[in-house]
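Notes follow the structure.
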Amino acid sequence: MKTLIPFLLLLPFICFGQSPQGVNYQAVAYDSDGFELSNKEVGVRISIVEGSAFGTPQLVEEHDVLTTEQGLFSLIIGQGALLGGEVESLLDISWGSNTYFLKIELDTEN
C-alpha cells in the first residue's frame, strides 16, 4: 500500500502533462551607448529560426514591454502578436527535427 500512494500522487502529472504554451524570457535593454533603458516602452521582435542563425524563420512575433528602472523586461515567447513564419504557434514547431536559434530584435523608439 505504501508504494501505491506515491504512484497515485504522480498519476495526474503523468496523464495530463503537455507541451508549454510559452517560454519565459527576461533581459535588460541597453541603448547604443551601453546605458540601461529605464522605465521605457520598447518593442521586442522574437524569431525562432531553423537550421542556422540565418535560416528560415519558423515563428516571428512582437511584444510591447515596459522596462524597469534597471532596464529589465520580461515576456513569454509564444504569446506575442504573430507577425509571420512557417508555423502559427510554438506547438507547431518540430523541435526534434533540427537545430533552432532564437533571434531577438529591440526597437527602442517603439
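When a/c is below 1.5 the answer is rounded, else prolate if a/b is larger than b/c, else oblate, so apply that to the range 40-88 with a ≥ b ≥ c taken from the square roots of the Cα gyration tensor eigenvalues.
prolate
Express in nm, to one decimal, how much length is gained between SER94 and ASP64 on full extension, taking 0.36 nm for each residue of separation and deducting their alpha carbon distance.
Details: separation 30, 0.36 × 30 = 10.80 nm, distance 2.71 nm.
The span from SER94 to ASP64 would gain 8.1 nm if fully extended.
Considering only LEU75, GLY96, SER38, whose Cα is most displaced toward the positive end of the charge dipole of the range 30-110, charges sitting on Cβ of Lys, Arg (+1) and Asp, Glu (-1)?
GLY96
We did not get these values from a lab; they are worked out from the coordinates using the rules stated. The model shown is predicted, which means the values in this text are computed figures rather than measured ones. Cβ atoms come from the backbone with ideal geometry, glycine included; neighbour counts cover every protein chain shown.
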